[in-house]
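**Q** Let me begin by handing over the structure; questions about it come next.
The values are calculated or read from the model by the stated rules, or taken from the named source; none is laboratory data. Small disclaimer: the values here were computed from a predicted structure and weren't measured. Heads up, the Cβs are rebuilt from the backbone with ideal geometry, glycines too, and the neighbour counts pull from every protein chain shown. Please note that ligands, DNA and RNA were not included when accessible areas were found on the heavy atoms of the full protein model with its side chains. Shrake-Rupley method; radii C 1.70, N 1.55, O 1.52, S 1.80 Å.
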Amino acid sequence: MSISYWQDTVKNQTNDRNQRPIPRRTDVAVVGGGIAGILIAYYLQSAGKKVVLLEAKHILEGVTACTTAKVTSQHGLVYRDLERYFGLEFSSLYASANEEAISEYRRLIRKKKIDCDWEDVNAYIYSLGDPKRVEREIESSCNAGIKAEWTDQTELPFPVTAAVCFPNQGKFHPLKFLTCLAEELTIFENIRVKEVRNQEVIWDGGALQAEDVVIATHYPFINIPGFYFLKMHQERSYVVAMEHDDHLHHHYLEESSHCSFRSHDKLLFLGGGGHRTGEHDHAVYDDLWLRAKKWFPQARARYFWSPQDCMTDDRLPYIGHYSLETPHLYLATGFGKWGMTNAMVAARLISDLIINGHSPYAFLYDPGRLKISASAKQFFIDGSEVIKGLGKSIFSIGPHHIGNLENDHAKIIDHHGSLVAVYRDSNGKDTAVSGVCSHLGCAVHWNSDEKIYECPCHGSCFDAHGRLLGGPALKNLEPVALDHLDQE
């Protein structure tokens, strides 16, 4: 996979992680070393709890490393939908939680004197066509307590028909910020947790007993209880970072295509091309770069990368108790494309629940909620995708031989009733693995932009050799002997 600007400009210092024995007991075990896990661990430790954070690979190298790092309470055209489906109380609480998150970033950065390139900026959602959706969002945002403003004047290199502006938002370098916090925490890397049983966190070769456990692994790997694999899917989008002469200071997002602009350190990040994970069907980076050259002819590409986001059926994150049956197991997931503020909300909410037993935002983000009017359509779509993915794996829909496979590409084939994924590297060497995801058995799909296999059902990702990159799967794709495959 590609490397983001954030990863290239901050090196992950492992210090003495894993050089000391993992304790057998702790107050709180946090599973997952991205922004949510680190913030949750930091606030719990600051409240006096003994906290151990466990990360399957290396901290800050997963989804957090691929963010565009917009620190904003403007999460697409969300307030109109929240007011419509949940009511004004919900939309107001959502606005308050995210505005407080922005303020908390500022407070923490000042308190700890963190050099992370923080800047106060405005956030805009703009329209290129009918302005009615933007105008309705302004009304609902104001109803929720946001100081939303209408404008048709922006820094963009093209005219807009209307835009909603949220003032006093933020941007920063997320890895600089999080690396500073991580230095204070007890972190163990290369520990892939496989199970949590009666507050015992279990991995191959070890276990840890905790009074409370928090799952902050982007997509939860525990299927039952909770059944989150029925209530979420993952989406992938793409970013081109380029050098250019013009500077856009503020954040921008197009209301229908979700084309995104954000600048940092003399670079402009252009994002877009989103699709459900596992449904990649064309060269998205090429499309983004063509748009970039149209708007910024003198630009030079520096970085390409691809974030992946967990999407809930009703657009609200799941933050709180994992289920009614697990009072000491907590969850933070489903941040959509807005992980910066939602992760801070999760950290404050979960630390409040563990320390004080309550939070003013608990019922808003309750993972056990069910709002049929807001989630029914997406629930049906997610269910259909699972059925389709399972059908492909069961009935092995695909070509029956490798054929004329290009170098640095892959193909999913039907080999005597079983799906096999075959990758041919730049030297013409083939690697074959199972074409069925190790999570719940859906057929994987090849993403030619990122050179990875993706599961369209729940978003697990694997490299070209079948090695696990991201969950909810816990195992690699099984290898397949090449001498058994039909070459032609």
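**Q** Can you tell me the equivalent ellipsoid semi-axes for segment 401-488? Use √(5λ) from the Cα gyration tensor, largest first, whole Å. It would help to have the intermediate numbers written out before the result.
**A** Values: eigenvalues 79, 41, 21 Å².
Sorted largest first and rounded, they come to 20, 14, 10 Å.
**Q** Kirkwood hydrodynamic radius for segment 293-348: how many Å is it when counted over pairs of different Cα atoms?
**A** Computed over segment 293-348, the radius equals 14.0 Å.
**Q** While we're on this one: Divide by every residue of the chain the summed helix terms, -39500 (n - 2.57) for each DSSP H run of at least 4, and state the resulting mean residue ellipticity at 222 nm, rounded to the nearest 500 deg cm²/dmol. Write down the numbers at each step before the final one.
**A** On the way: 10 runs with 128 residues, N = 488.
Theoretical 222 nm ellipticity from helices: -8500 deg cm²/dmol.
**Q** Would you work out which of 267, 185, 278 lies farthest towards the positive end of the dipole of segment 149-281, given +1 charges on the beta-carbon of Lys and Arg and -1 on that of Asp and Glu, about the Cα centre?
**A** 278
**Q** For residue 230 and residue 363 in the same chain, what is the full-extension length gain: residue separation times 0.36 nm, less their Cα-Cα distance, in nm?
**A** Details: separation 133, 0.36 × 133 = 47.88 nm, distance 2.06 nm.
Computed gain between residue 230 and residue 363 is 45.8 nm.
**Q** Quick one: what are the phi-derived ³J(HN,Hα) couplings along segment 47-62, Karplus 6.51/-1.76/1.60 with θ = phi - 60°, whole Hz, x for glycine and proline?
**A** 8, x, 7, 7, 10, 10, 10, 10, 10, 5, 10, 10, 4, 6, 10, x
**Q** Could I ask something else about it? Viscosity 1.306 mPa s, temperature 10 °C: what is the translational diffusion coefficient of segment 203-266 from Stokes-Einstein with a Kirkwood Rh over Cα pairs, rounded to a whole number of µm²/s?
**A** Diffusion coefficient, whole number: 95 µm²/s.
**Q** As a test of understanding, state the convex hull volume per residue of segment 414-459 from its alpha carbons, in Å³. Write down the numbers at each step before the final one.
**A** Working: hull volume 3.5 nm³, N = 46.
Once divided by residue count, the hull of segment 414-459 is 76 Å³.
**Q** I'd like the per residue volume of the convex hull spanned by the Cα atoms of segment 141-249, given in cubic angstrom. Provide the component values of the computation, followed by the final result.
**A** Details: hull volume 27.3 nm³, N = 109.
In segment 141-249, the Cα hull volume divided by residue count equals 250 Å³.
**Q** When the chain is fully extended, how far beyond the present Cα-Cα distance does residue 416 get from residue 355, taking 0.36 nm per residue of separation?
**A** Working: separation 61, 0.36 × 61 = 21.96 nm, distance 5.61 nm.
Residue separation times 0.36 nm, minus the Cα-Cα distance, leaves 16.4 nm.
**Q** Further question: Ignoring ligands, DNA and RNA, what percent of the accessible area of segment 1-145 is carbon or sulfur (1.4 Å)? List each step's numbers first, then the result.
**A** Details: 2870 of 6360 Å².
The value for segment 1-145 is 45 percent carbon and sulfur by accessible area.
**Q** If R0 is 30 Å, what FRET efficiency do you get for residue 265 and residue 207 from their C-beta distance, rounded to 0.05?
**A** Numbers: r = 43 Å, r/R0 = 1.44.
It comes to 0.10.
**Q** Just to confirm my numbers, what's the Cα centroid distance between segment 54-82 and segment 169-232 in Å?
**A** Measuring centre to centre over Cα atoms gives 16 Å.
**Q** With no other cysteine's Cβ closer than 4.7 Å, which Cys residues of the chain count as lacking a disulfide-compatible partner?
**A** So, 66, 116, 142, 165, 180, 259, 310, 461.
**Q** Under 11 Å from a point placed 7 Å out from the Cα of residue 328 along the Cα-to-Cβ direction: which residues of segment 22-38 have their backbone N that close?
**A** Answer for segment 22-38: 26-29.
**Q** When the expected Rg is taken as 2.2 N^0.38 Å, what fraction or multiple of it is the alpha-carbon Rg of segment 23-151? Intermediate values should be presented prior to the final figure.
**A** Working: Rg = 18.3 Å, N = 129, 2.2 N^0.38 = 13.9 Å.
My calculation over the Cα atoms of segment 23-151 gives 1.32.
**Q** Express the accessible area of segment 42-146 per residue in Å², computed with a 1.4 Å probe while the remaining protein chains stay in the model. Before the final figure, lay out the partial values.
**A** Numbers: 4350 Å² over 105 residues.
Accessible surface, normalised per residue, equals 41 Å².
**Q** Determine the share of segment 213-330's accessible area contributed by carbon and sulfur atoms, expressed in whole percent, with a 1.4 angstrom probe. Before the final figure, lay out the partial values.
**A** Details: 2490 of 4540 Å².
Carbon and sulfur together cover 55 percent of it.
**Q** Which percent of Cα-Cα pairs in the chain sits in each 20 Å bin, short to long?
**A** Taking every Cα pair in the chain, the percentages come to 23, 57, 19, 0.
**Q** Would you mind checking segment 48-69 for residues with the amide N under 18 Å from a putative spin-label position 7 Å along Cα→C-beta of residue 27?
**A** Inside the label zone: 48-54.
**Q** Show me, bin by bin at 10 Å from 0, the whole-percent P(r) of segment 138-179 based on Cα pairs.
**A** Over segment 138-179, the share of Cα pairs per 10 Å bin runs 24, 34, 28, 14, 0 percent.
**Q** What order, most packed first, do the peptides 185-195, 45-55 have when packing is the mean number of other Cβ atoms within 10 Å of each residue?
**A** Numbers: 185-195: 18.3, 45-55: 19.8.
Put in order of decreasing packing, that is 45-55, 185-195.
**Q** Oh, and also: Determine ³J(HN,Hα), in whole Hz, for all residues of segment 184-194 in sequence, where each value follows from phi through the Karplus function 6.51 cos²θ - 1.76 cosθ + 1.60 and θ = phi - 60°; x replaces Gly and Pro.
**A** Ordered by residue, 3J(HN,Hα) equals 8, 9, 8, 10, 10, 9, 6, 10, 8, 5, 9 Hz.
**Q** First select every other residue whose beta carbon is under 12 angstrom from the beta carbon of residue 410; then total the charges, Lys and Arg +1, Asp and Glu -1. Write down the numbers at each step before the final one.
**A** Numbers: positive: 411, 424, 451; negative: 406, 408, 425, 430, 450, 454, 463.
Summing Lys/Arg as +1 and Asp/Glu as -1 gives -4.
**Q** Over segment 416-488, what is the mean sequence separation of C-alpha contacts under 8 Å (at least six apart), divided by residue count, expressed as relative contact order in percent? Can you show the working numbers first?
**A** Working: 134 pairs, mean separation 19.0, N = 73.
Averaging sequence separation for qualifying contacts and normalising by length gives 26 percent for segment 416-488.
**Q** Size of the dipole of the chain about the Cα centre, Lys and Arg at +1 and Asp and Glu at -1 on the beta carbon, nothing else charged, in debye to 20? Spell out each step's value before the answer.
**A** Numbers: 50 positive and 62 negative charges, 192 e Å.
The dipole magnitude comes to about 920 debye.
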